[in-house]
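To keep things clear, I will list the structure first and then write my remarks on it.
The values are calculated or read from the model by the stated rules, or taken from the named source; none is laboratory data. Note that the structure is predicted; figures quoted are calculated from it, not measured. Cβ: placed from backbone, ideal geometry, glycine included. Neighbour counts: every protein chain shown.
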Amino acid sequence: MEKLKFKSVMFAMVLALLISCIPLNGFAEEDSLSKNIQKVKTLFKIGEEYEHFNKHQYDVFNGKNITNLSWSGQNRHISVDVDEEGNIIGYWKSEYSTDKNPRIYKFPKITKEQGEKAAKDFIKKLYPDILDKIKSRDEDELYSTYRKDNLREYGYSFMRIENDILFNENNVYIGVDNQTGEVTSFSINWENDLVFTDLKGIISKEEAKKVYKNNIDLELLYKIKETDKDIKPYLGYNILDTDKTVDAKTKDILSTSYKSMYSIYGPISYQSMENMSIEEESKLIDSKKIISRKEAGEKILDTFKLGEEYEVNSHKLKGNKEKDIYIWEVMVMKQVGNHGSGTSATINAKTGEIIDFSDPGSWGTDEEKAKYSKEELLEKAKEIIKNNSPEKYNEVEYIEDENEDLIYGENNISNFLFIRKVNGVKVENNGFRIALSNVTGSVLSYNYNWSDLEFESPNNLIEKDKAKEILLEDRELDLEYQIENKDKEKKNIKLVYDFRDKYLAVDAKEAGVIDNRKELGEKLAIKKYKDIENSFAKNQIQKLQNYIYLFQEDEFKPKQEITQKEFFQLLAQTKDIYYIYEDQNRIYERFIHEGILKEEEKNMEAKVN
């Protein structure tokens, strides 16, 4: 019996020692998470109607760990992001409709001012101490072009202000439902313990402009501008080192702003295309004008050496008969077990050149160890261009992307940019951009653009110094707080003068500033229709213009019958479909897919009663 008692005592002592040795971190984390969950439920009044709950963690680019909490119920969902300190940094609430009960967007019941009050009340509830440190920034000013309100919500951007000076890197964005006045989205980027220098002893804007002018360099490029009828290339001077700013106290040139790089994106010529019928497709293939479906699919699979788990799922031929341009849209699928994903690749149907491609299944390799060096991948990228566009390969120059480490460095991706050159001058948005996996060596994305415009010779150009004068004339530098690029982690905040219009170009022959924002603003701005003054619907037409793009010209034609395509361009916007005037075919595709219209009912110029 004594032996048994002794064993029991020994067991209890060992158990106590073992328990005392278990780390408390796990318990502390669970306890903290439980408190955060309860805090969020109380704060946002999440009740029993949200019957499903889920949570997961993820890392953001600055190394911080974020916990996402989400609740869902019948046709409703709430998602909240909480950082390591328990701060709510993101909130999204949605009530989604079904096919049987679709949401119809209506005119707002609350004003923009009422929505802004709701936004500020929400901020006050979460971050009461920052209300006197933020400033609402008008979206027209923020994007430097005209923007409309939409029929779903009002959006509000708030920037951090210290000593009445803007600090762009800390900001708040809020969306407010314009029917109910309820906040539907919220995100904040805010840092504490930052040091902002005072404004004593700073130089003037004129002094800063002289320093800036003497320390920036310009680059000559072939650029594109819109004319009344078409687009045309021109020789323009761009600021080369857009990251440069002037220290407002020392006059030193700093690197605090974003360093812009060349970009390759979709060509304008491939927009506004119609779906080709099977009959038209057959004629084009039989006449050898375009490659066949099979050839288009094989081109994708062979060029990027896609394995057996990849297959071509569908083809679609689109074209612009007037311009004699045709493309194949090829759906590529990757199937792994019971899971599959797909992406649409685009091929020039006449030349067989691949325009763009994105691998549907090779992006999740960032945690694996790199097996290929950048030099090896660069050679692969060159080979792909040679095989796809051999003649064009001799007209491009490889450009090292200075932002690559910032964008791709932690994701095991190498990005390569090849810019076209004509007469020894780089051509904007012409060339190739290829991203490859450091782990597998496979192509993750491929983008190509090549203009068929005629480029004038680079003769009789103004000098760079003259271009600088033109660019800076009548333009001020803005005083801002910005973080020095070389000390991003240390948060070394500088008071600097930055040139807001650094992305404008100077025509190297005409000696004038080319500002596409002006043309875009005029194109999208509210028109003052000259023929609605005596219309019974004048007020309604003007009200509609705050939310929907109407018609391009200065006449609304209120007594004229509306055509099918005009009616659909208005209807599309009430269904939250992004709309541009030139893209009628995309709207029709969407409406036919959703069953709003039958294929045989398509008649753009038909009158709607």
Q) What residue, of 489, 469, 480, 510, is assigned to a loop (DSSP other than H, G, I, E, B), acidic (Asp, Glu) and modelled with pLDDT of 85 or more? A) 510
Q: Take region 415-449 and flag every residue that is in a loop (DSSP other than H, G, I, E, B) and buried (at least 20 other Cβ atoms within 10 Å of the Cβ).
A: 438
Q.
Condition first: modelled with pLDDT of 80 or more, surrounded by 15 or more Cβ atoms within 10 Å (Cβ to Cβ) and of a type in the set (D, E, K, R). Can you find one or more residues in region 520-538 that meet it?
A. no
Q. Could you say which residue among 173, 156 is of a type outside the set (A, V, I, L, M), touching a helix residue (DSSP H, G or I) at 6+ places or on another chain (Cβ under 6 Å) and under 16 Å from residue 134 (Cβ atoms)?
A. 156
Q. For region 216-231, does any single residue satisfy the condition of being within 25 Å of residue 490 (Cβ to Cβ) and not small (Gly, Ala, Ser)?
A. no
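When you check residue 155 against the structure, is it small (Gly, Ala, Ser) and at positive phi, yes or no?
On the way: small (Gly, Ala, Ser): yes; at positive phi: no.
Considered against the rule, which asks whether it is small (Gly, Ala, Ser) and at positive phi, residue 155 comes out as no.
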Q: Could you grab me the full set of residues in region 40-62 that are surrounded by 13 or more Cβ atoms within 10 Å (Cβ to Cβ) and under 19 Å from residue 87 (Cβ atoms)?
A: 40, 41, 43, 44, 46, 55
Q. Within region 276-283, can one find any residue that is among the aliphatic types (A, V, I, L, M) and within 28 Å of the chain's Cα centre (by Cα)?
A. no
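Would you confirm whether or not region 95-107 contains a residue that is touching a helix residue (DSSP H, G or I) at 6+ places or on another chain (Cβ under 9 Å) and at pLDDT 85 or above? Outline the logic, then answer.
We begin by selecting, within region 95-107, every residue touching a helix residue (DSSP H, G or I) at 6+ places or on another chain (Cβ under 9 Å); these are 104-107.
Subsequent filtering for residues that are at pLDDT 85 or above retains none.
The answer is no, given that none of the residues of region 95-107 is touching a helix residue (DSSP H, G or I) at 6+ places or on another chain (Cβ under 9 Å) and at pLDDT 85 or above.
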